[in-house]
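Trainee: This is the structure I want to talk about, given as structure tokens.
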Amino acid sequence: MILTDTHLAEGIYNITFDWPVFFSQLFGFAVIVWFFVKYVVPPVKRIMNNAQDQIRRQLEESEASAQRLATAKAAYDNAVAEAQAELDRMREEARADADRIILQMREAAAAEVERVRKQGRDQILQYRRQMIRDLEQDLAAAMLALTEEKVREQIGSPQARADSIEKFLEDLEALANSGEAARRQPQTERK
């Protein structure tokens with residue numbers, strides 16, 4: 001087999017090399033490549049550069065956001081710790097205030113109980129005195145009434161009247177005699 005310019009192989013495969021078609025296809029391919037390089041690649045490159053810039057900016061923003069998040073989390077943790085400390089301080093102050101108030105209330109209640117007790121005792125004593133006075137008056141009135149009744153019973157007869165007048169006169173005479181002796185005795189002591 002002899003190879004010629006136009007045929008590469010004979011047989012089953014009939015491969016021939018046609019130069020004008022090859023150059024025209026090469027020229028068409030070059031035009032297509034030039035068209036892609038001139039008109040398609042720059043916008044695609046611009047779009048890719050914009051996309052890369054946008055991705056780069058997003059990454060930078062993401063890193064900045066991560067830093068801000070870490071700062072915010074630290075500030076939040078710090079604020080929570082401060083709030084917990086403030087809450088603990090407020091609880092302690094509230095407990096101290098509650099203990100102080102309870103102590104004051106106990107003291108006030110004890111003073112009030114003592115005042116009420118004293119007032120009650122005074123009132124009981126006053127009621128007792130008043131009751132004793134009332135009982136004495138009632139007893140005196142009853143004794144007078146009873147004595148008067150007995151005297152009337154005893155004086156009811158003429159003999160009893162005469163005896164009682166005699167007894168009364170004797171008592172007066174004894175009283176008069178004892179009165180003179182009592183008067184003389186102080187006068188002798190003065191001298």
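Trainee: Out of (1) more than 45 Å from the chain's Cα centre (by Cα); (2) open to solvent by 100 Å² or more (accessible area, probe 1.4 Å), the odd one out for Ser164 is which?
Mentor: For Ser164, the failing item is (2).
Trainee: Can I ask one more? Quick check: is even one residue across the stretch 131-139 surrounded by 10 or more Cβ atoms within 10 Å (Cβ to Cβ), among the hydrophobic types (A, V, I, L, M, F, W, C), part of a helix (DSSP H, G or I) and within 50 Å of the chain's Cα centre (by Cα)? Show your work before the answer.
Mentor: Of the residues in the stretch 131-139, the ones surrounded by 10 or more Cβ atoms within 10 Å (Cβ to Cβ) are 131-139.
Those left that are additionally among the hydrophobic types (A, V, I, L, M, F, W, C): 131-132, 135, 139.
Filter once more, so that each one left must be part of a helix (DSSP H, G or I): 131-132, 135, 139.
Next cut, within 50 Å of the chain's Cα centre (by Cα) only: none.
Within the stretch 131-139 (the criterion being surrounded by 10 or more Cβ atoms within 10 Å (Cβ to Cβ), among the hydrophobic types (A, V, I, L, M, F, W, C), part of a helix (DSSP H, G or I) and within 50 Å of the chain's Cα centre (by Cα)), the answer is no, since none of the residues qualifies.
The values are calculated or read from the model by the stated rules, or taken from the named source; none is laboratory data. Remember, predicted model here, so these are calculated numbers, not experimental data. Note that we place each Cβ from the backbone using ideal geometry, even for glycine, and neighbour counts take in every protein chain shown. Surface accessibility is based on the protein's heavy atoms, side chains included, excluding ligands, DNA and RNA. Shrake-Rupley method; radii C 1.70, N 1.55, O 1.52, S 1.80 Å.
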